[in-house]
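Let me begin by presenting the structure, written as structure tokens, before commenting on it.
The values are calculated or read from the model by the stated rules, or taken from the named source; none is laboratory data. Predicted model only: the values in this text are computed from it and were never measured. Don't worry about glycine lacking a Cβ; one is built from the backbone with ideal geometry, like all the others, and counts go over all protein chains shown. We work out accessible area using only protein heavy atoms, side chains counted, and drop any ligands, DNA or RNA first. Shrake-Rupley method; radii C 1.70, N 1.55, O 1.52, S 1.80 Å.
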Amino acid sequence: MADQIVITEKNSQAKDVRAAIGSRYGVILPAEGHLIDLLEPEEVVPEWKRWAPILLKPDGLYGTRPAMGGNKVAKLKAIHDALRTAQCVWLATDCDREGQLIGQEILEHYAYRGRVMRVLFTAQDSQTIRTAFSQAKPNVEYARLYAAAVARRQADQIYNLSLTRTATVTLGRSGRGVIGVGRVKTPTLAIVCRRELEIRNFVPVTYFEVVATAKVASGEFKMRHAPQERILRRDIAEAVAAAAQGFEGPLGVRVEDKRQSPPRLHDLPSLQKLCAARFGWSAARTLEIAQELYDGQGKKIITYPRAEVRYLPESLIADVPRIVAGLQVGQSFRDIPVPAPPVIRRGASGTFHDKGLEGASHHAVIPNPNTVGTLRQVWPGLSLDEKKLFDVIARAYLAALMPDFRYRQTTATLDVAGFPFKATGRQPIELGWRAAFPEWQPVDEKGDGAALLPSLRNGEPARLHDPIVETKETKPPPRYNEGTLIEAMQNAWRFVDDEVLRDRLKEAKGIGTPATRAEIIGGLKKQEFLVLQGKNIVPTETGLKLFAVLKDADPTLVDPGQTAQMECLLDDVVVGKQEMMAAIDAVCDVAQRIIGKLTQSPSAGGLASFGAARANDGSTRPPTPAMKRYAESLARQQRIAPPAGYATSGAICRAFLAQHAPTKAPREPTTAPSMQPAPSQPGSPSKKRRRVAGAKAAKPAPKRAARRGKGKIVGAPTDAPSGVTAQDAGGKTLLRIPYGNKEVAQKLGARYSSDGWYAPPGVDLAAFRERGWL
């Protein structure tokens, strides 16, 4: 057996590492994401199998056990076997907090005590990987990064499961569904719901503006009345217009030469915001394309995409000439006038800023310096979307190395009988970095400020004529798209009223992480709390109902500011400002207080119809294949045409079936249990789980590995005893669907009612029989 091994995060990474270093550092073994899971609450404390409003916090930390599913078991076994003889392990997982956890949690679970070296690379080409191995450091130097990952994962499990169970048994006592609460998920839903309610409750206000044409010796231009407050009465605006008609007076002219620095480089959130606005991409789509540019076969032309800062280390200044030269070989970037030498900006207001990277695992997203020379060969093989995203990243990099945009701003003012009029104009002096974006125009240059004013002198006379009263109306705030929602999550301080706390949270990274925000939004859409309307993302009625009940029970549950404070505590572990256990305890204290308020909340039982609401919210969903087949069968039998839209609208198809399907006979009592997807009262039984060989019990040791993310919701009803297939008098086949298989069952045609899971008439039962679900 090998005396040293390399652990990577996934197969593609293992392939790239193997191509770069061969077997020089031992056998290369890939993981498959997290190979280690946390124990479930009832595996730690058997009494926790019963759903109750309590804090599910063990003594110390949750223990760990091998993960199941996919190839995880086989991959973990291969790593475990290799660890028995390995004297040195090289961790070559991703360079962020999650990558640290994925690799080190395996070593902690199996109590490996040999030498461990950490390999960090922010690009996945062979040269970068070889350099990273040669510069590897002892893993102990990344203890804080690992502790921060453990703290986040443990805190999420305790917070999410404790409050999900508490909310379910206190607020939904007679309901059918789980009321899921997530430390990040629920405040994210709240951000969208608050905006939607703000829009729905918005009352537009009509106001008036006055615009007149000013004539001077060198020409004419528009001047706008500039009161301190909006004019809400037309008669006042008409009085201003009357005063302006024919008025002549001296202009006040101020000319200023100004400059504007280039925009900062991109991190993942800024890419997701820009691509949502420009291309209509979802957050997940942007991340998917960026990941392909980072580690796709024959690509690898950008650095690590899950960036959380927009600075570069000063050590990368040496790569500037190589990247610029590599980009300008291609036709797309050849005409961008980057000066020689390029402009290097250091510090907080610049591009290269070491201090700005403190506590961060990786820098801004830029072209890969080691592969940019192959761009001419790689470019033809890129998809159109990949070319679009690379163009965004490359132009931002080149712009950061170009001079400031310089312009001359002219401001003209005129006092019209006490009414101030104003005009502004902007004239470019030197395009600078703006030459990298020839088709881009900022919002502030699209209105009156974009006008070119004639040559003006201070004090010269101007005469106004043709004043116009414009009727305008206030507009509600825009709905979020996925990009602006991620920006809102990143800037959660905006939702905090306390000024001192706002300032502290401005330095934080918001709620969630760059790698998880798209997943959180996707999860809310999957749960049908959020839905897309064109490019916009809006809450469903079910999402609004859940938000209202949780907000009424305890506003902290849906407060992004509260979650941002918890994120600060967890982030402080990385930089040594907070101990791991202290951070977990702080989150648990918040959860415990919320549990206390929920159990005393007058909203208890407020979601009694939550399950029904969710069912009714699906009126626009398409019908199931079984419904369509049954509708077509009835139409043939009765020689009638099915209604228009039956194949796309579940409501239309359901109404047709209700009208034409044979009337059901009275149903006989059946022994099949009600397969509710969640407990309807405290203490619902939970499906038994077999203990996995090799599982570890919870221990108070502070270095126990943990998985960050959502804990699985347990507590589903037990399966019915096996027996013959049961059918009701209406021809429905009763099913036994194990908990956690809802989506698979629905794809196979299964449906759920108050009597439990069933297969409608006409659904093929073979797949259910194969799985033992009949």
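Miscellaneous remarks
- Of note, ILE336 does not satisfy the criterion of being within 17 Å of ALA290 (Cβ to Cβ), in contact (Cβ under 8 Å) with a residue 12 or more places away in the chain and either surrounded by fewer than 22 Cβ atoms within 10 Å (Cβ to Cβ) or β-branched (Val, Ile, Thr) (or both).
- When we screen ILE79, ILE36, ILE5 for residues that are in contact with a Ser or Thr (Cβ under 8 Å, 6 or more places away or on another chain) and open to solvent by less than 20 Å² (accessible area, probe 1.4 Å), the only hit is ILE36.
- Restricting region 549-564 to residues that are part of a helix (DSSP H, G or I) and free of Cβ contacts under 8 Å to residues at least 60 places away in the same chain, the residue that is most open to solvent (accessible area, probe 1.4 Å): ASP552
- Considering region 36-65, the residues that are touching a residue at least 60 places away in the same chain (Cβ under 8 Å), assigned to a helix (DSSP H, G or I) and charged (D, E, K, R) include one that is nearest to GLU9 (Cα to Cα), namely GLU43.
- Test result for GLN727, under 11 Å from ALA626 (Cβ atoms) and at pLDDT below 80: no
- Being under 19 Å from LEU265 (Cα atoms), among the aromatic types (Phe, Trp, Tyr) and in contact with a strand residue (DSSP E or B) (Cβ under 6 Å, 6 or more places away or on another chain) is a property that holds for PHE405.
- When the helices (runs of 4 or more DSSP H) confined to region 88-184 are screened for residues that are more than 30 Å from the chain's Cα centre (by Cα) and touching a residue at least 12 places away in the same chain (Cβ under 8 Å), those reaching at least 3 such residues are found at 126-134.
- Number of the exception - ALA226 against (1) aliphatic (A, V, I, L, M); (2) farther than 25 Å from GLY483 by Cα; (3) buried (at least 16 other Cβ atoms within 10 Å of the Cβ): (3)
- Going through (1) touching a strand residue (DSSP E or B) at 6+ places or on another chain (Cβ under 6 Å); (2) farther than 23 Å from TYR311 by Cα one by one, VAL119 falls short only on (2).
- Selection over region 251-274 of residues that are closer than 30 Å to TYR207 by Cα and either touching a Pro at 6+ places or on another chain (Cβ under 6 Å) or among the aliphatic types (A, V, I, L, M) (or both) gives a count of 2.
- Qualifying residue in region 478-495 (condition: of a type in the set (Lys, Arg) and under 15 Å from the mean Cα position of the chain (by Cα)): no
- Boolean, GLU198 is outside any loop (DSSP other than H, G, I, E, B), closer than 30 Å to VAL6 by Cβ and not aromatic (Phe, Trp, Tyr): no
- Members of region 297-318 that are touching a strand residue (DSSP E or B) at 6+ places or on another chain (Cβ under 9 Å), open to solvent by less than 50 Å² (accessible area, probe 1.4 Å) and over 18 Å from LYS388 (Cα atoms): ALA307, TYR311, LEU312, PRO313, LEU316, ILE317
- A single member of GLU541, GLU567 is open to solvent by less than 30 Å² (accessible area, probe 1.4 Å), of a type in the set (Asp, Glu) and either modelled with pLDDT of 85 or more or under 23 Å from the mean Cα position of the chain (by Cα) (or both), and it is GLU567.
- Of all residues in region 520-538 being modelled with pLDDT under 90 and of a type in the set (D, E, K, R), the one that is nearest to ARG278 (Cα to Cα): LYS535
- Every residue from region 340-361 that is modelled with pLDDT of 90 or more, outside any loop (DSSP other than H, G, I, E, B) and surrounded by fewer than 20 Cβ atoms within 10 Å (Cβ to Cβ): ARG346
- Per-region count, region 8-33, residues of a type in the set (S, T, N, Q), open to solvent by 30 Å² or more (accessible area, probe 1.4 Å) and either under 30 Å from the mean Cα position of the chain (by Cα) or more than 29 Å from ASP125 (Cα to Cα) (or both): 2
- ILE323 being more than 23 Å from PRO514 (Cα to Cα) and open to solvent by 20 Å² or more (accessible area, probe 1.4 Å): no
So that you can scan it fast, the table gives a plain yes or no per residue for (1) outside any helix (DSSP H, G or I); (2) at positive phi; (3) of a type in the set (D, E, K, R); (4) under 25 Å from the mean Cα position of the chain (by Cα):
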residue	(1), (2), (3), (4)
HIS363	yes, no, no, yes
LEU375	no, no, no, no
ALA396	no, no, no, yes
LEU401	yes, no, no, no
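- Filter result (more than 20 Å from SER270 (Cα to Cα), acidic (Asp, Glu) and without any contact (Cβ under 8 Å) to a residue 60 or more places away in the chain) within region 288-320: GLU314, ASP319
- Sole exception among (1) crowded, with 20+ Cβ neighbours inside 10 Å; (2) modelled with pLDDT under 90; (3) over 26 Å from ASN11 (Cβ atoms) for HIS266, by number: (2)
- So GLN409, is it touching a Phe, Trp or Tyr at 6+ places or on another chain (Cβ under 8 Å), assigned to a strand (DSSP E or B), over 30 Å from ARG322 (Cα atoms) and open to solvent by 10 Å² or more (accessible area, probe 1.4 Å): no
- Some residue of region 259-271 being over 30 Å from GLU386 (Cβ atoms) and either of a type in the set (D, E, K, R) or not in a strand (DSSP E or B) (or both): yes
- If you check ARG144, ARG152 for being open to solvent by 30 Å² or more (accessible area, probe 1.4 Å), at pLDDT below 95 and in contact with a helix residue (DSSP H, G or I) (Cβ under 6 Å, 6 or more places away or on another chain), only one passes: ARG144.
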